[in-house]
Amino acid sequence: MGLVIIFGLVTLLAVYAVYRTIKDKNLLGFAFAFGTLAVFGWFTVMTIIESGYPTVH
């Protein structure tokens, strides 16, 4: 349950990093930010598919 939240937050930060590196025209930063976005975005999607959304108690 907490894993989905953590992966989601890292994915959102990676989206911001991709936007910022494109704006600053930093190609190496873009490569790392996009790689992070691809990996953690995939983990987020697959964790949501496998485990579902976090439940409210």
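Within region 27-55, which residues have the backbone N less than 19 Å from the label spot 7 Å out from residue 19 along Cα→beta-carbon, could you tell me?
27, 29-42
Report, in degrees rounded to the nearest 10, the 0 to 90 angle that the Cα long axis of helix 2-24 makes with the longest principal axis of the chain.
Roughly 20 degrees, rounded to the nearest 10.
Below 8 Å, C-alpha to C-alpha, sequence gap of six or more: please give me the relative contact order for the chain in percent.
52 percent.
Rule-based calculations on the coordinates, nothing more; no lab input. Computed from a prediction, not measured in an experiment: that's the story for all the values here. All Cβ positions, glycine included, derive from the backbone under ideal geometry; neighbour counts span all protein chains shown.
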